[in-house]
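This report refers to the structure that appears directly beneath it.
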Amino acid sequence: MKLAFLQDVYRQEGPFATLYLDTSADSEDAAKAIELRWRSARERLSQQGADKRTLDALESKIARHEARTGSRGQVLVAAGDTVVFHDELDEPPEQFADDAGVAFEQVPQLMPYLRMRRARIPHALAMVDRIGGDITVVDSSGYAGHVTVEGDDDPHHKSHAAGEGDEKHHHQRVEEQWKSNADTVAEELTRQVREHAAEVIVLGGDVEQRKLVHDRLRKGVRELVIETGASHRGRHAVDESLHREVGEAVATALRSRVEEAVSEFERARGNRAHATEGWKGTVDALLHDQVSTLLWSRDTGESGANGVLAIGSEPNQVATDETTLSALGAEWVAHVPAEEALLRAAACTRADLVLVEEGTVELDDGLGALLRFTTTPE
């Protein structure tokens, strides 16, 4: 899981108010129920020390929430007078004891969000025909953008009305136009994939034209393609079966990435220069910006400090004790929930996060890390 989309959140100055709210709208009095849940949550946040500006910012955002029928939830993070992060949840946050989960801490509480949300690998869907293509890109935050690419449509059909000599020339012109339009679509698709860091491309539409587009994608992008049998371009053609196929492709890609990360870790764990595990080794590696991939099991145990770690003013500053951070010149040091401290450091040092199910791989304390480099002892 790419965590870069959270970096802007952690760059804000805390403390942060985090709210997980049930926004289900499956009854006639849904709006009133949401209001009551929010009032209760606001009171509890106030008791934890959240100031009025922060609470008002959350309330304003909730008031603008567009209710949709069905069971769902929302996560919001505010600092000062600004909501710095929010997202829809596909189901109510039922793991919290109350109707809403709240926290007012020096770091936002985002690990429950990452565990709850459906796997969101940034991906693209491209439906192409002889003239152009419709491209939908979904980034890691779940935002979907749409781009329509239109090439030249004259000529785009082969005709047998011309004379024998002219017919051959006409067919050549049409085929060249198809190739030119494929170039245009491939260029835009490549741009969209790179801009949104898409990891999967589902390519559908006209069979021959999608082959032309596929062959024209740049190296490193072409390898991301999974073809679909869907053959009709147009947003209205993106029916339930295609949505299901896209979902399956993304889920398959996610499983593959988890398996690859686990296999790589198991190969590397015998050499401490390439991998580490447990709370101390992982925390030290994050502090020194060494972690390329953080493996996190649901059976993660508490740290040596009873589930609390020290963080400093710089986003990568995390340690088991505040003395380490003070020696590094941290402007301030706070003690926060251990899993949130690690998540902050991982996101801000460009580390990927892999959530693994219990029993998938044995990890000391449920934590492991693949290292991008090792420090050389003096």
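The values are calculated or read from the model by the stated rules, or taken from the named source; none is laboratory data. Everything numeric here is computed off the predicted structure, so don't read it as measured data. In this analysis, Cβ positions are derived from the backbone assuming ideal geometry, glycine residues included, and neighbour counts consider all displayed protein chains.
Give me a count of the residues in segment 61-70 that are farther than 19 Å from E28 by Cβ and either in contact with a helix residue (DSSP H, G or I) (Cβ under 8 Å, 6 or more places away or on another chain) or touching a residue at least 12 places away in the same chain (Cβ under 8 Å) (or both).
2
Mind counting the residues in segment 6-16 that are among the small types (G, A, S) and crowded, with 23+ Cβ neighbours inside 10 Å? Talk me through it step by step, then tell me what you get.
Initial filter on segment 6-16 (among the small types (G, A, S)): 14.
Remaining after also requiring crowded, with 23+ Cβ neighbours inside 10 Å: none.
Residues that pass the stated criteria total 0.
Under 6 Å between Cβ atoms, which residue pairs at least 6 apart in sequence (or on different chains) link something in segment 16-38 that is in contact (Cβ under 8 Å) with a residue 60 or more places away in the chain and among the acidic types (D, E) with a partner that is surrounded by 14 or more Cβ atoms within 10 Å (Cβ to Cβ) and assigned to a loop (DSSP other than H, G, I, E, B)?
D22/P92; D22/D99
Determine if segment 37-48 includes at least one residue that is in a loop (DSSP other than H, G, I, E, B), farther than 16 Å from Q12 by Cα and among the basic types (K, R).
Of all residues in segment 37-48, those in a loop (DSSP other than H, G, I, E, B) come to 48.
If we keep only those that are farther than 16 Å from Q12 by Cα as well, we get 48.
Those left that are additionally among the basic types (K, R): none.
No, that holds for no residue.
Taking segment 205-221, which residues are under 22 Å from R255 (Cβ atoms) and touching a strand residue (DSSP E or B) at 6+ places or on another chain (Cβ under 9 Å)?
V221
Where residues in segment 39-51 are touching a strand residue (DSSP E or B) at 6+ places or on another chain (Cβ under 6 Å) and not polar (S, T, N, Q), which of them is surrounded by the fewest Cβ atoms within 10 Å (Cβ to Cβ)?
Result: G49.
Can you tell me which residue among L55, L3, L19, L36 is surrounded by 22 or more Cβ atoms within 10 Å (Cβ to Cβ) and either in contact with a strand residue (DSSP E or B) (Cβ under 8 Å, 6 or more places away or on another chain) or not basic (K, R) (or both)? Before the answer, list the steps.
Working: L55 fails: surrounded by 22 or more Cβ atoms within 10 Å (Cβ to Cβ); L3 fails: surrounded by 22 or more Cβ atoms within 10 Å (Cβ to Cβ); L36 fails: surrounded by 22 or more Cβ atoms within 10 Å (Cβ to Cβ).
Being surrounded by 22 or more Cβ atoms within 10 Å (Cβ to Cβ) and either in contact with a strand residue (DSSP E or B) (Cβ under 8 Å, 6 or more places away or on another chain) or not basic (K, R) (or both) holds for just one of L55, L3, L19, L36, which is L19.
Might you let me know whether segment 58-74 holds any residue that is assigned to a helix (DSSP H, G or I), hydrophobic (A, V, I, L, M, F, W, C) and within 22 Å of L6 (Cα to Cα)?
yes
Among (1) over 30 Å from G368 (Cβ atoms); (2) in a helix (DSSP H, G or I); (3) of a type in the set (A, V, I, L, M, F, W, C); (4) at pLDDT below 90, which single condition is V213 missing?
Failed condition: (4).
Being in contact (Cβ under 8 Å) with a residue 24 or more places away in the chain and basic (K, R) is the filter here; which residues of segment 249-278 pass it?
R257, R269, R272
Filter segment 319-361 for residues that are without any contact (Cβ under 8 Å) to a residue 24 or more places away in the chain and among the hydroxyl-bearing types (S, T, Y); which is nearest to D8 (Cα to Cα)?
Per the stated criteria, the residue is S326.
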